[in-house]
Structure formats: C-alpha cells, structure tokens
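Please read the structure below before turning to the comments.
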Amino acid sequence: MPSNTLTMNKPFPVSLLDVSAHREVGLPRDRVDGPRKVSGLATYAAEYGEADGLANMAYGYLVGAKVGRGKVVSVGADKVLDLPGVIDVVTDFDTFLKVPQQGGETGAPTQGVRDVEYFGEVIAIVVAESYEAARDAALQLDVAYETKPGVYDFEAHKSETITPPFNNIPAKYDQGDFDKAMDEAEVTVDFTVVTPSQSSAAMEPHASTAVWGEDGRLTVYGAYQMPTSDAQQLAKSLGVSASKVRIVARYIGGGFGSKLGIAPETVAAAIAAKKLGRPVKAVMARQQVFETTVRRSNTEQRMRLGATRDGRITAMAHDTIVSNLEGEGYFEPAGISTHFLYGGENRRITHELVELNLLLSGSMRAPGEAVGMLAIEGAMDALADELGMDPIEVRRVNEPEQDPQKGVPFSSRQLTRALDEGAERFGWDKRNAVPGSRREGEWLIGMGVSSAARGNMLMQSSAKVSIAADGSVTVASAMTDIGTGSYTILTQIASELLGVPADNVTVTLGDTDDPPAAGSGGSWGAASAGSAVYLACEKLREGLADAMGVPFDELTLKDGTAIGANRQVPIGELVGKGVEAVGTINPGQQEQKFRQAGFGAHFAEVAVNAVTGETRVRRMLGVFAAGRILNAKTARSQCLGGMTFGIGTALHEDLVHDKRNGKLVNHDLGEYHVPVNLDVPQMDVHFLDEHDEHANPINAKGIGELGIAGAAAAVAAAIHNATGYRPTSFPVTCDKLLDVLPAV
Ligand code: MOS
C-alpha cells in the first residue's frame, strides 16, 4: 500500500490546510458521532453481546481486597459456588494485575495479587450467568487474609522520601545558584501548597469484554485511551505474542488518564474467558473505579521566588513531595511547567516520593500542571502583592525571550497576548487591587488571573485513508475518541484535503487491527492522528494529480470534484476501483530545537460568603493559543471541560484515604465532589490565531489539557482578592475559610 511518512525534523511552514480549496477544518461542526451516541447506537465496552456475535456471555464481578496490606490465605470460593447462577470464582495469583499500567508503556504493569498492597486490590473475579448473581456471590465471599502493617499516612511519613526515576521530566533539576540568589533577592515569596489525591471520575466505568477465538486470538472490547500500547501491555501480561491480542475501543465515556493503560479488570476477564471457554464481561462497579484504577497523587509543594523590586525573578524553587505505591516509579510532575514558564537564571525544581499503601498514582488530566500551577501561579500572585504590582504586569516582566532552561526558542508562545486580550475581555480594569474591598451584602467579590501552559507533544501515529469508486472516503486508525471529538476532526481533515463533503467521510477508530496510533493522552491525540491522516491524504492527492495529469500544486479538490488542466472530474471516477494510502507521523528534532507548549490565560471572578465561607465562581474566561484550531466547537468544549476541572481542583475534589488502612472514604460520585451545573458559571473561551509550523504538518498544538492548566490558580487568586486570604490547602472548602474571613 502506498505510504507517506514524515519525521518532524524541519519546520512545516506551508500546510495544505492553508491552501486547500475545500474549506472544512476549523469549522464548528457538530460531532459526527453525536447522533450515534444519543440514540444508543454507539456500542461501549460494557455493551457488547449477542448483537455483536458474542453468544453465551458470562458476567464477572471483581473481588477487591478488604485489607490495606496483607496476604490472601484463601479466597473462600466454596461458600458461593452453589449459589444460583454462579459459574466459578477465578483467580491467578501470579498473573492478575496488582495495579493498572501507566500510559504508553509497552510492558506489563506489576502483576501478582497474593500479597495485597492496597485496599481494593483485585484478587479474584466471580463469574456468573448474570451480573447480579456474580455481584451477590462476590459480596458473600469469605476471603481470609493475614494482615500486615501498612503505611497510609502521608503527613506522618512525608520526611521518608525517595527520589523517583525520570518521568517525562527528571525528578530533580538545578540551574545556577538558587540559594545564593534567594539570599540576595530584594523581595521574596515562600509558601507551601497542599493538594489531595484526586480521581479522574470518568462517567463510563472501566469495562472489558473478553473473548478468545478458535485461532487462540484474544479480542477485548474495552474502555481504553491508547489501544495500540494497551494491546502490547495485555499480551505481555498474559505471556502471549502481541499478534494474539486485539483491542477494540470504538467509544469511550471519558478517561482523563484513568484509561491510558490496561486496568485489573482486563486481565481478570481474559483469564476467566480462557478458563470458561466463553466470553466474559467484567464491568467495574463505580466504587471499584475509584479504588482500583488510578489516582492523581496528593502533593505538598513548597514554592519560593526571589525577585528585584521591579519584579524580575532572580531565584525560583519548586520542591514537591508526592506519593505512590512502593516500586511504582511514576511521580506527579508538579514542576513540569515551572521549567519554562518564566525567566530567571537560578532555578531548582525537585520531586520526592513517599511510598504509601494507597492505590496507584498515575496520570490524570494535565499531569503536573493541573496542581503544579497552583504553586507557581499562586507564588506569582503573591509576588505581585508583595511588589504592589498588577499580577499581569509581573508576568509580563518575567516573559522569557527563549526557553530559560534549554536556551532554545519557543515554537510559538502568546502568553502575554493572551493575558492582555483576556484582561480586556474580562474587564480586569474593574478589579480592585486591595483585597477584601469589594462587597455585595454578605458576599466578598474578587477577581483573579493565572497563566495557562501545557507542554505540547507529538507521538508516532498512523492512519489509513481510502477513496472508493463512489467518491466516499474512509479513515481507519487505532486512534481513539474519548469524548473529545477525534471522530469529527479527523473527518474534517480528510474532507478538506480530499475535497469531499464531510458527510461522505467515515472514520473508524479504536481497533488495533487498523494502523497503530498513540491514541488519546497528553493532549497529543488530535495533532498526532490528524497529522497521520494529513500525510495519507497528501499521498492520495499525488495519485489524484497524476490521474488528472496536473502537477501536485495545480490540483484543486472541491465538493467531490477534481479540477485541473481545464477538466472537472468527480473524484470517484479518478480512482478506478478505489485507492488507499497510509500516513505515519514521527516526532523529530523540532522537539529539541524548540520548546513546544500551548499557552493562555485564565480569569475568574468569585463571590465568597463572609458568613459561611462558601465560594461561588461567578464568571470565568479562558484565552488560549494552541496552534491551528481544528474545530471551533470541539476545541471550545475541551477548554470548558478543562476549566470546569479547574473549579473542581480549587473548590471540590478531595479523595480521602482512611489513615488506618488506606480505604477510600468517598469512593463514589455522591461523596467525591466534582463540579455540577450549579457550580459552573458563565464561562467564556477565546482562541488566539496561531499556526505552529514546528509542531506538525497541521500546525496544531494540544488543547485538551491546556484548559485545566492554571484554571484552579485563577480561582485561588480570586479568593485572595475577595478575602485577603491566600489559599494554600485545596480544595478551598468552607471550613478552611471560616476562621480567616473578615468580620461581617
Ligand atoms: Mo491524559 S492524563 O494523558 O488522559
């Protein structure tokens, strides 16, 4: 099959998307998968069954350990095997997953469940003729344990840290002489931010439907963000070759990081299906999603800034302590944007890790920035306060000419423009700089600002694009759509580049039998899969130009028609029995030659009740520059979702571990509070024009996580402006404000 591969070693200044005759990319097109979703025709992982050729389904219910640390002596299956409908209690103490895998890994996660290392660890699966029968039996099991003492209390153990391994950024970074510069600084800020564990809390629970074919090949219909690497992880976990595993994840009800790697239900379902010789479906109960997938680590972050009287930063240190299970190297990279956000020659960014017997910590939307920017942006707000300067001005003064660490240019950076345009649109000039000075009855009103920054990534991805004899186009890739709009933007890219109406484009995603892709993670999905589609379409355009007998640059494709050399031919007629091509994008040297990140600004207005301490967000505005915007509507939705996440981080989300055994006290959506409609005010999103020629051939940067990066910090700054109290412990619940509010 014809193929077209590009490695981003050079800029890509002229994208076909700038010159194509058929305009489609950027339009606010409704989600192409929307009707399928609202009519119930979109099949999610837990919904596969007879209609999909899966007869004789058995239903699994996971058994989670009820001790925080110990050893399983016996699962106690005898007691339930005679219950109506129960088929078996299946376990494999060596092969079951102790924890989910982290995103992008190609190996198996930690396996083995005889030794329990955290409350909820999946030790077995009960399989029955119905979900209800399996659940009933699982709840009646008499599991016997030997308990062992565990370590559950972060506060009590936070001095016993280890240095975690490299994770996207090194755990420790030192530049210049921070201590000396801090000693000599004219103005200093030193404060510590504490954030709790958080849960991704995606709507769709983790689910896997596993079926072994007669050829010995396993198919898992699952809820995954990255099927290509998930299939590799699953094959390694089961000890089979990668070609023996197929993953299908066509629709995913949110992931936010929790579905980047395979989770325990996947392997449990696969092993049970093999043992029973029937398809097995394992759907996590909501509580199990909380207990046995992945959390964002809690953090304690000490942030120090030293500056001159005119606001120039001379010293910067961001020291973070996080937690994870023993032996799991992942650390929440809270200092990730501190590396490049502001100038200043003397900087130190460190991460240390406390090993606790709590569920795995891993990636959750904007790993690092989402909570890390509470520290750096809180410190910038505090510095503005110290200096009596406007918070936007302090950021402007510290705008670096180039990456302050690597000494390379930014591929694109419109931070100050985002701050300025945001200030104008939000009415920043109406902010009273004196905290606690604006009042409406019982309510104290304040406004806050934060920068937004999120590293941009490109990941190896492929896609196949075909044109059929009737002129219709199909796109196929193991990319996913986790609710973000991938189906829609890939439709738009193919539509524009091949000059066919979007209605004549069909996109198929989430199947590892299609060309491999990096999937949805780290906000790289649209740019990576979109570039793969671009490259396949470019190849097809070469063939169409040849068929028309015109040079590549003189081919016009529009409304299903090829135009050139004074001819106008329906595209279907040009392709004979049909043509196809595969496009592959690879990251390259542009990542080293340029610092690539999306930038923006968040503005928030809050009202804090002076009597009760209740905080209501009244307005929010996000201004973002993320390269080419592929679909104005889905991009905006991503930002609205990110900003809503920011409200959750600032005011609501708090995963509470019982200090006696690590059990999650609030393991459902009733008790783990996320923002609901009434918590989310009028929000506005504005995009700045930008094309990033260093990023990829479609000149787009990631957007999914840019909207959360800094959002919580803007709310925190607004609380300070309203009350005079600078929040350091998140979420800022009423109790934390009661004692510090001014008298009514
Ligand atoms: Mo994202 S935390 O890579 O889904």
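I'd like the full set of residues that are surrounded by fewer than 24 Cβ atoms within 10 Å (Cβ to Cβ) and of a type in the set (D, E), limited to region 315-349.
Within region 315-349, D319, E326, E328, E345 meet the criteria.
Considering each residue of region 363-387, count those that are more than 9 Å from the ligand (Cβ to nearest atom), outside any helix (DSSP H, G or I) and among the hydrophobic types (A, V, I, L, M, F, W, C), and give that number.
Residues meeting the conditions: 0.
Hey, G253 hits all of (1) within 16 Å of the ligand (Cβ to nearest atom); (2) crowded, with 23+ Cβ neighbours inside 10 Å but one; which does it fall short on?
The number of the failed condition is (2).
In region 706-729, what residues are open to solvent by 10 Å² or more (accessible area, probe 1.4 Å) and part of a loop (DSSP other than H, G, I, E, B)?
Hits for region 706-729 are G724, Y725, R726, T728.
Which of (1) open to solvent by 10 Å² or more (accessible area, probe 1.4 Å); (2) farther than 23 Å from G104 by Cβ; (3) of a type in the set (A, V, I, L, M) is the odd one out, the single condition I467 does not satisfy?
Going through the list (1) open to solvent by 10 Å² or more (accessible area, probe 1.4 Å); (2) farther than 23 Å from G104 by Cβ; (3) of a type in the set (A, V, I, L, M), I467 breaks only (1).
Name the pairs: first residue in region 177-198 and farther than 16 Å from R312 by Cβ, second residue open to solvent by 70 Å² or more (accessible area, probe 1.4 Å), Cβ to Cβ under 7 Å, at least 6 apart or on different chains?
T192/R302
Restricting attention to helices (runs of 4 or more DSSP H) lying wholly within region 202-307, give those where 2 or more residues are closer than 30 Å to G372 by Cα.
227-238, 286-292
When region 32-50 is examined, which residues are found to be in a helix (DSSP H, G or I) and farther than 30 Å from H657 by Cα?
G34, P35, R36, K37, V38, E47, E50
Looking only at region 494-514, which residues are buried (at least 23 other Cβ atoms within 10 Å of the Cβ), outside any strand (DSSP E or B) and more than 16 Å from the ligand (Cβ to nearest atom)?
Correct list: A494, S495, E496, L497, L498, G499, V500, T512.
Does A452 satisfy the condition of being in the same structural domain as R726 (by TED's automatic domain parsing), at pLDDT 95 or above, buried (at least 18 other Cβ atoms within 10 Å of the Cβ) and closer than 16 Å to N398 by Cβ?
yes
Of (1) over 27 Å from V280 (Cα atoms); (2) open to solvent by 20 Å² or more (accessible area, probe 1.4 Å), R36 satisfies all except one. Which?
(1)
Of all residues in region 157-176, which are outside any strand (DSSP E or B) and in contact (Cβ under 8 Å) with a residue 24 or more places away in the chain?
The answer is H157, K158, E160, T163, P164, P165, N168, A171, G176.
Filter region 269-299 down to the residues that are away from the ligand (no atom under 16 Å from the Cβ), of a type outside the set (A, V, I, L, M) and over 22 Å from G40 (Cα atoms) and list them by number.
K274, K275, G277, R278, P279, Q287, Q288, F290, E291, T292, N298
Can you tell me which residue is farthest from A21 (Cα to Cα) among those in region 479-493 that are more than 16 Å from the ligand (Cβ to nearest atom) and in contact with a helix residue (DSSP H, G or I) (Cβ under 7 Å, 6 or more places away or on another chain)?
Going through the qualifying residues, I end up with T488.
Failed condition for A527, given (1) closer than 18 Å to K37 by Cβ; (2) out of contact with any helix residue (DSSP H, G or I) (no Cβ under 6 Å at 6 or more places or on another chain); (3) within 16 Å of the ligand (Cβ to nearest atom), with all others met?
(1)
Would you be able to tell me the number of residues in region 1-17 that are out of contact with any Asp or Glu (no Cβ under 7 Å at 6 or more places or on another chain) and open to solvent by 60 Å² or more (accessible area, probe 1.4 Å)?
5
Please state which one of T228, T266 is within 16 Å of the ligand (Cβ to nearest atom), among the polar types (S, T, N, Q) and either farther than 18 Å from Y48 by Cβ or out of contact with any Pro (no Cβ under 8 Å at 6 or more places or on another chain) (or both).
Selected residue: T228, the only one of T228, T266 that is within 16 Å of the ligand (Cβ to nearest atom), among the polar types (S, T, N, Q) and either farther than 18 Å from Y48 by Cβ or out of contact with any Pro (no Cβ under 8 Å at 6 or more places or on another chain) (or both).
Would you pick out the residues in region 324-362 that are within 23 Å of A709 (Cβ to Cβ), touching a Ser or Thr at 6+ places or on another chain (Cβ under 9 Å) and away from the ligand (no atom under 16 Å from the Cβ)?
Within region 324-362, G335, L341, Y342, G344, R347, I349, T350, H351, E352, L353 meet the criteria.
Confirm whether F552 is surrounded by 21 or more Cβ atoms within 10 Å (Cβ to Cβ) and more than 16 Å from the ligand (Cβ to nearest atom).
no
At least 2 residues that are open to solvent by less than 10 Å² (accessible area, probe 1.4 Å) in each: list the strands (runs of 3 or more DSSP E) lying fully within region 589-691 that qualify.
Where strands (runs of 3 or more DSSP E) fall fully within region 589-691 and carry at least 2 residues being open to solvent by less than 10 Å² (accessible area, probe 1.4 Å), they are 597-609, 615-625.
Looking at region 188-200, is at least one residue out of contact with any Gly (no Cβ under 9 Å at 6 or more places or on another chain), open to solvent by 80 Å² or more (accessible area, probe 1.4 Å) and assigned to a loop (DSSP other than H, G, I, E, B)?
For region 188-200, residues out of contact with any Gly (no Cβ under 9 Å at 6 or more places or on another chain), open to solvent by 80 Å² or more (accessible area, probe 1.4 Å) and assigned to a loop (DSSP other than H, G, I, E, B): absent.
The values are calculated or read from the model by the stated rules, or taken from the named source; none is laboratory data. In this text the structure is predicted, and so the values were computed from the model without any measurement. FYI the Cβ positions are ideal-geometry reconstructions off the backbone, even for glycines, and counts take in every protein chain you see. Each accessible area value is taken on the protein alone, full model and side chains, heavy atoms only, with ligands, DNA and RNA left out. Shrake-Rupley method; radii C 1.70, N 1.55, O 1.52, S 1.80 Å.
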